[in-house]
Amino acid sequence: MRRHVWAPAALLGLIAAVLALVLAMTGSTGGSSEGKSASGGSTGPARDDPALGWGFTHTQFSADSGTPDAVARARKLLAGQSVPQNQAIMGWGAGNPEPSPGVYDFSDLDRRIAFIRSTGSTPVITLCCAPDWMKGGEPGADHTDWSLKSFESAPLPAHYQDFADLSATVARRYPDVRHFVVWNEFKGFFDDTSQRWNYEGYTRLYNLVHDELKKVNEDNRVGGPYLVMDSYAPADTQFASELKGPWGSVDRRVLDAFTYWNKYKKGADFVAVDGAGFTRDSQALPDPSTALDKFTDVGRWLREHSDGLPLWWTEYYVEPENSGWSEQRRVAAQAAAMIAIARGGATTAFYWSPQQTSGQCPGCLWKPTQLADGGAALPMYGLVSRFAKEFPPDTRYETVESTADDIPGSGSGKGIRVLASAKSVLVVNTLDRAVQARVDGRSVSLAAYEVRWLDR
């Protein structure tokens, strides 16, 4: 999806040089030519449960680097309310883990996993992307091509086993990590000639990786296929499918890919997907609030067609590019999306953390740690961490009354979104004006785009 940032080779070289000094001083594991276990302690109790709750994904810039005081503040923040944290093995802050066959450099990944460990959180590893030599490129760290075309290429079939072996090496290096997602968004698996996904190739790769991870530890939790649940407007019927609603229709080719993987996978501990609450051409239909029902409808379809496997949204988006939204609207839209995702049966979801190094940071979880006063929580972190606390994976959701006095036909999904457990109620006004609502027998005044927590 959008907001992916990849490390240019020059930047990685600079980071690696600085890290080498820092890691040498701290005694942490740096680059290695072997896949031995990294030092740094465990991540607390190993969580074998395939349902992890609500967390976030580390991207190019994160809280593991920056000014010491700011990093310490961010670490304390994340340790205060532990949420699962996801990291890719290459890209999004991690360099090439195997620049040449059998020669490894896990310095960046070591640093990220060590940071996650230090917060006491549950780590998740996304097994993407692949070293250049597995994609037909030149071996060697100096030959890593970070261009989008190269980076998003899939391994060649002749190297599927090599990628599976690399995945096993990663699993052995971080023995306390139990959760692995295979690949990312079917990158490199679209067949331009036939105009469909090469789901046969992905499933073959997935099965090889699955088997190698289970050989390392049978308790490792493995899932996929990490497809993007793209959708089109109701009037666009070229790739229409059975999975549809007022928000549009999911691309039939995506469902074909899921169906094949689901049938021929050797096993899965969870289903992982991502998607947006708008169409491929950025339309939120029929309105921004109702459009989020897509997450609920897609989730229920996936649960039904996967025999109830735990459902993960590894990415989810509600804000079109260049939206100009205020942070208040952004947080409200995210809250409404999380409600829709939970209603669809998901028990794990990762917010794609768009951290920056300076200035304003729309949608960021904490103030950039590269700033002297960085590391403090921002409104989006308040939402994600509170949601994780109030609605853990085993939550039994309850139906509560919700109406807005001045919205004809109002209710949950009509401008006012509500999610309730036996102890808490989350109320979200997705409208750009104040409303007087009645929620769970109480009268509630809500400002425009307000997110309100109520005790029961």
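The values are calculated or read from the model by the stated rules, or taken from the named source; none is laboratory data. Model, not experiment: these values are computed from the prediction. Glycine also receives a Cβ, built like all others from the backbone with ideal geometry; neighbour counts cover every protein chain displayed.
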Review point. For Cys361, which of the numbered conditions (1) within 25 Å of Thr314 (Cα to Cα); (2) out of contact with any Pro (no Cβ under 9 Å at 6 or more places or on another chain) fails to hold?
Key: (2)
Check your understanding: From Thr119, Thr57, Thr43, which residue is β-branched (Val, Ile, Thr), at pLDDT below 95 and assigned by TED's automatic domain parsing to the domain that holds Lys187?
Key -> Thr43
Practice item. Starting from the stretch 312-326, take each residue that is in the same structural domain as Pro362 (by TED's automatic domain parsing) and list its partners that are outside any loop (DSSP other than H, G, I, E, B) and of a type in the set (Ser, Thr, Tyr), counting only C-beta distances under 7 angstrom and pairs at least six apart or across chains. Key: Trp312/Thr348; Thr314/Tyr226
Practice item. Taking only the stretch 378-405 into account, find how many residues are in contact with an Asp or Glu (Cβ under 7 Å, 6 or more places away or on another chain) and not acidic (Asp, Glu). Key: 2
Review point. Looking at the stretch 314-321, is at least one residue more than 15 Å from the chain's Cα centre (by Cα) and of a type in the set (A, V, I, L, M, F, W, C)?
Key: no
Exercise for review: May I ask you to list pairs of residues, at least six apart or on different chains, whose Cβ atoms are under 8 Å apart, with the first in the stretch 371-384 being closer than 25 Å to Val427 by Cα and the second being at pLDDT below 95?
Suggested key: Leu378/Cys361
Exercise for review: Would you check if Arg253 is touching a strand residue (DSSP E or B) at 6+ places or on another chain (Cβ under 6 Å), part of a helix (DSSP H, G or I) and of a type outside the set (A, V, I, L, M, F, W, C)?
Suggested key: yes
Practice item. For Ala114, state whether it is assigned by TED's automatic domain parsing to the domain that holds Ala72, under 20 Å from Ser150 (Cα atoms) and not β-branched (Val, Ile, Thr). Key: no
**Study point:** Pairs with Cβ under 6 Å, 6+ apart, first in the stretch 101-121 and under 12 Å from Asn86 (Cα atoms), second among the charged types (D, E, K, R) and outside any helix (DSSP H, G or I)
**Key:** Arg112/Asp64; Phe115/Asp64
Check your understanding: Considering the stretch 306-327 alone, what residues qualify as being surrounded by 16 or more Cβ atoms within 10 Å (Cβ to Cβ) and of a type outside the set (Ser, Thr, Tyr)?
Key -> Leu309, Pro310, Leu311, Trp312, Trp313, Glu315, Val318, Glu319, Pro320, Trp325, Glu327
Practice item. Scan the stretch 218-238 for residues that are under 22 Å from Val318 (Cα atoms), without any contact (Cβ under 8 Å) to a residue 60 or more places away in the chain and either assigned to a loop (DSSP other than H, G, I, E, B) or more than 22 Å from the chain's Cα centre (by Cα) (or both) and jot them down. Key: Asp230, Tyr232, Ala233, Pro234, Ala235, Asp236
Review point. Do you know which residues across the stretch 153-195 are over 27 Å from Pro50 (Cα atoms), surrounded by fewer than 19 Cβ atoms within 10 Å (Cβ to Cβ) and touching a residue at least 12 places away in the same chain (Cβ under 8 Å)?
Key: Leu156, Pro157, Gln195
